[in-house]
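Here's the structure, in structure tokens; my notes come after.
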Amino acid sequence: MFHSYKMVTGAVAALLVAAGLSTGALGQSLELKIMAPAAPGGGWDQTARAMQAALTESGAVKSAQVVNVPGAGGTVGLAQFVNAKGDGSQLMVNGFVMVGAILTNKAPVTLAQTTPIARLTAENQAIVVPANSPIKNAKDLAEALKADPAKVTWAGGSAGGTDHIMVGLFAKAVGVDPTKINYVPFSGGGEALAAILGGKVTAGVSGYGEFEGQIKAGKLRLIGIAAEKPVPGLDAPTLKDQGIDLAIVNWRSVVAPPGLDEAQTKTLLAAIDKMVKSKQWQETLKAKNWDDAYLSGEAFATFLQNEQVRVAEVLQSIGLVK
Amino acid sequence: MLDSVFALAQGFSVALEPTKLLFALIGVFLGTAVGVLPGIGPALTVALLLPVTFKLDPTGSLIMFAGIYYGGMYGGSTTSILINTPGESASMITALEGNKMAKAGRGGPALATSAVGSFVAGLIATIGLALFAPWLVEIAIQFGPADYFALMIVAFVTVSATFGDSPLRGLTSLFIGLMLGLVGIDALSGQARLTFGVPELLDGVEVTTLAVGLFAVGEALFVASRMKHAPETIEPVRGSLWMTREDWKRSWKPWLRGTALGFPIGSLPAGGAEIPTFLSYTIEKRLTKHPEEFGKGAIEGVAGPEAANNASAAGTLMPLLTLGLPTSATAAILLAGFQQYGLNPGPLLFAERPDLVWGLIASLFIANAMLVILNLPLIGLWVRLLAIPQPWLYAGILVFAAMGTIAANPSPVELVMLAVFGLLGFVMRRYDYPIAPMVVGLILGPMAETQLRRALQISLGDPMALIESPLAATLLAIAALALVAPLLFRGLSRFKADED
Amino acid sequence: MTQQKEDRRIAPVGFVIAAGLLVLAAFVAKDAVGMGAVSSYAGIGPSAASWAVAAGLGLLAAGTLVSTLRGEVPTPEPSDRAAVLTIVAGIAAMIATISAGGGFIPAMALLFGLTARGFGRRALATDLGIGVVLGLIVYLGFTKLLALSLPQGPIERLF
């Protein structure tokens, strides 16, 4: 939900690491430019700045610089990025949200034009209801939705974003026409949560982390997380275990410009691999509560392709893309 | 509640150590120094300076952090008053009267009433936060889209206070603002409106770009255009540099009223800091004994909105600390900051880490006091800025206006918008159109539309939902009264005049 | 700026403003027509607000026309066109420099120098110099102390 802050939000911790950049970066001679296609603050910017610190401190590259190109769910940045054809010294942070934004904004460029490098992090998506709701589990929610989709109001992030797509997938999974969902988009971190807590909507969808405190305090009831398998160390039922075939994660990844030769791609893959395995990166993941979802090279390319197909289908079925 | 007082006392005992006071002072200084850069609002200020605090121990960093927060807030108002360049939308209203005062040699009192007003508001609001947070937040959550919509309507009605002498021209300005508010992706449907295929426009028009363009750039062009015919004279200081007895007398009530508006509205999850400043300005304009000064530099018009702005900032801490809800850009950064100290704002925070919460609240008190102590002596220095020869002063203002825009969004499209809004501001000044309603329209239009459609979507299109909540009904009634009352009064007074 | 009550002449500019508002209204209306009907439980879609704004602008155009004919639109006081154009040229030069990759510091120098000239200064070289210094200070402060990126050109890459 935080992506939608138009204003510059919290570059905070990322800037801390950026400010404390170590000078002793040896090893690779790569002088990297990392584009965060968003304003300083949000998730992509934080990822870019965390990468910047980890890449240089682990010695994976000689230097790294973060450039912010905000706008339109990252598509402004993407349009600029694909122009850097054959430039093996650039990376761009992106994520699940961009896949949808490209379609809803009718962007003239697509992620297929870029060279996939690696998926880095992921966040589990969760569905919650207010603590006093009669809905106790995913089955109840599915029944309510089947009974009258209009009466089940969902609060989540921006239209066409991860949360919206997830609700569309939920409807599909339980056999309800996805165009009939009553999804109410909210912008900004707290607004949706406030609406759920105040009982203004039936259910809420967002990253698990955003609900965690409220769930523990007993103000919200967790219906389920949309993970493929139960998450170790997390006392949270998955939707799959409750018989609803829905798995979706909010992932973030990096891609390189189009037209790289094999050597260039290999260099970047190696640098990212070294970064992911560094102590610095692992500590950042822990501090920021990001799940490690490292997947690189061919495997990531296939994953990215599948996600694009899936998102396009969902957006069409909920009527956001024609 | 007694527990709260005890815990707060303990917080103070830690925060009042000499080294901690020094940290507070450094924090306020840094916050003010970065916050005064135009285009850099409190959110960005806090984000940029937060890393500095991490080098200290948790208590020390928390205190410096509070100092930066208040310093950044105050710094934003300083640019509004001195160079007509609001750093954030909430200090736009301050520029209306504050800059007029500064140009008439009353910059000192304007800055002083802003600093003292911020202090008073911060003090009261922080006390409110300490004592009532858990209760108030329960009420705040009960606000639904219909209630917010009603609140926006009240704000809309009060906009007429910024219209100047012609309702036609005021409305024209407002509607152009509303039109600008349409630009971009519609929040509820994801449809693009008025974007003409320019991807940069999909995110809409940035409020600070419009405000800086209209206020700072527009003003520079206008002053230049009139230089040969009726040159503007800026006096850095006329009369007292400090607030006079009269200034105090005219300021204290607006401070309190501004606080009373800012704190509750700021604590609403979607209340924001702008609406209380609009409401405060209107109320002060209605209640003042010097209506003729409004639009020419009335001190009430600075005192009230500034207090409202600061009180609402303390208000946003309420949902943040008690629920972990970041309800503004600044709050989102504060949240990230807290997490770095191992504080996880939310329902369990007060129970789990009382030491840190009360330490933070005590720090807020101290930072607030430090702000006044540091900034009052600096006022003399600030107003000297106005003594810079006019060509350099305005050239500098334009450089800073452009810089703020580039820093927030380094795209030529944004700069072109700044230039277009600057020309618009010039044309509007030339033909005597008020500019504030346009910014108000841009801020309020999308908010009101979103809440209205959200309310209707939840009620499945039933318009009765808009008045079913008692609160919404009351607010709408207030709006109706505010709209009709002046007409009635005018009728009455005309009637009386006829009798005489 | 003051309204001259006695001087009730028709100011031609009123017609221009009325026409301008009408054009804006037409723009917004055309955009609203182009929006597909989005089915929503709210009963109103994204075009509703557009229609409301278009209608408002249309009414204001009519209002402006009437008020012009009644001589209520004040004739503006004379203005110094050259000064305004010089400053606009400064802003345009700044934007062009940044778009062309000339960098932050030269852009700010041009903006500063031309604005000062618009305000009657004749020493353009001095003012450009001041602009360079100002731009340099701002650039270094932003990039080195605050870690924010500003547009780079040949000069900025030296640091």
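The values are calculated or read from the model by the stated rules, or taken from the named source; none is laboratory data. Remember, it's a predicted structure, so these values are computed and weren't measured experimentally. Please note: Cβ atoms are built from the backbone with ideal geometry, for glycine as well, and neighbour counts cover all protein chains shown.
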Scanning the stretch A:159-169 for residues that are within 16 Å of the chain's Cα centre (by Cα), under 15 Å from A:Asn182 (Cβ atoms) and not aliphatic (A, V, I, L, M), the one surrounded by the most Cβ atoms within 10 Å (Cβ to Cβ) turns out to be A:Asp163
I'd like the full set of residues that are surrounded by 18 or more Cβ atoms within 10 Å (Cβ to Cβ) and among the small types (Gly, Ala, Ser), limited to the stretch B:211-243. B:Ala211, B:Gly213, B:Ala216, B:Gly218, B:Ala220, B:Ala224, B:Ser225
How many of the residues in the stretch B:412-453 are surrounded by 20 or more Cβ atoms within 10 Å (Cβ to Cβ) and part of a loop (DSSP other than H, G, I, E, B)? 3
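Conditions (1) facing chain A (nearest Cβ under 8 Å); (2) without any contact (Cβ under 8 Å) to a residue 24 or more places away in the chain; (3) closer than 21 Å to B:Gly272 by Cα; (4) in a loop (DSSP other than H, G, I, E, B), marked per residue:
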site	(1), (2), (3), (4)
B:Gly181	no, no, yes, no
B:Ala187	yes, no, yes, yes
B:Gly213	no, no, no, no
B:Gly218	no, no, no, no
B:Leu221	no, no, no, no
Whichever residue in the stretch A:212-228 is modelled with pLDDT of 85 or more and under 22 Å from the mean Cα position of the chain (by Cα) and, among such residues, is farthest from A:Ala144 (Cα to Cα): A:Glu228
So, first residue within 8 Å of chain C (Cβ to nearest Cβ) and more than 15 Å from B:Leu398 (Cα to Cα) in the stretch B:419-443, second residue assigned to a loop (DSSP other than H, G, I, E, B) and hydroxyl-bearing (Ser, Thr, Tyr), Cβ within less than 9 Å, six or more apart or across chains; the pairs are B:Arg430/C:Ser79; B:Asp432/B:Ser166; B:Asp432/C:Thr2
Can you tell me which residue within the stretch C:112-124, out of those that are crowded, with 17+ Cβ neighbours inside 10 Å and either of a type in the set (Lys, Arg) or more than 20 Å from C:Ile137 (Cα to Cα) (or both), is farthest from the other protein chains (Cβ to nearest Cβ)? C:Arg117
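Quick test for you: out of C:Ala109, C:Ala26, C:Ala100, pick the one residue that is in the same structural domain as C:Tyr139 (by TED's automatic domain parsing), over 20 Å from B:Gly425 (Cβ atoms) and surrounded by fewer than 16 Cβ atoms within 10 Å (Cβ to Cβ). Talk me through it step by step, then tell me what you get.
On the way: C:Ala109 fails: surrounded by fewer than 16 Cβ atoms within 10 Å (Cβ to Cβ); C:Ala26 fails: in the same structural domain as C:Tyr139 (by TED's automatic domain parsing).
Being in the same structural domain as C:Tyr139 (by TED's automatic domain parsing), over 20 Å from B:Gly425 (Cβ atoms) and surrounded by fewer than 16 Cβ atoms within 10 Å (Cβ to Cβ) holds for just one of C:Ala109, C:Ala26, C:Ala100, which is C:Ala100.
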Among the candidates A:Gly95, A:Gly156, which residue alone is more than 16 Å from A:Ser317 (Cα to Cα), crowded, with 24+ Cβ neighbours inside 10 Å and outside the structural domain of A:Leu295 (by TED's automatic domain parsing)? A:Gly156
Could you tell me how many of the residues in the stretch B:396-435 are under 21 Å from the mean Cα position of the chain (by Cα), more than 16 Å from C:Ser99 (Cα to Cα) and hydrophobic (A, V, I, L, M, F, W, C)? 6
Looking at (1) modelled with pLDDT of 85 or more; (2) more than 30 Å from B:Leu349 (Cα to Cα); (3) surrounded by 15 or more Cβ atoms within 10 Å (Cβ to Cβ), find the lone condition where A:Gln264 falls short. (1)
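Here is a yes/no grid of residues against (1) more than 15 Å from the chain's Cα centre (by Cα); (2) of a type in the set (A, V, I, L, M); (3) more than 20 Å from B:Ala220 (Cβ to Cβ):
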| site | (1), (2), (3) |
| --- | --- |
| B:Thr59 | yes, no, yes |
| B:Met64 | yes, yes, yes |
| B:Gly67 | yes, no, yes |
| B:Met73 | no, yes, yes |
| B:Ser77 | no, no, yes |
| B:Ile81 | no, yes, no |
| B:Thr94 | no, no, no |
| B:Lys100 | yes, no, no |
| B:Ala104 | yes, yes, no |
Quick one: would you say C:Ala32 is of a type in the set (A, V, I, L, M), part of a helix (DSSP H, G or I), buried (at least 17 other Cβ atoms within 10 Å of the Cβ) and more than 7 Å from chain B (Cβ to nearest Cβ)? yes
Pick from the stretch C:35-49 the residues that are more than 7 Å from every other protein chain (Cβ to nearest Cβ) and modelled with pLDDT of 85 or more: which of them is farthest from B:Asp186 (Cα to Cα)? C:Ala48
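Quick check on B:Phe149: is it within 14 Å of chain A (Cβ to nearest Cβ), closer than 22 Å to A:Ala192 by Cα and part of a helix (DSSP H, G or I)? Working first, answer last.
Working: within 14 Å of chain A (Cβ to nearest Cβ): yes; closer than 22 Å to A:Ala192 by Cα: yes; part of a helix (DSSP H, G or I): yes.
So B:Phe149 fits the description; yes.
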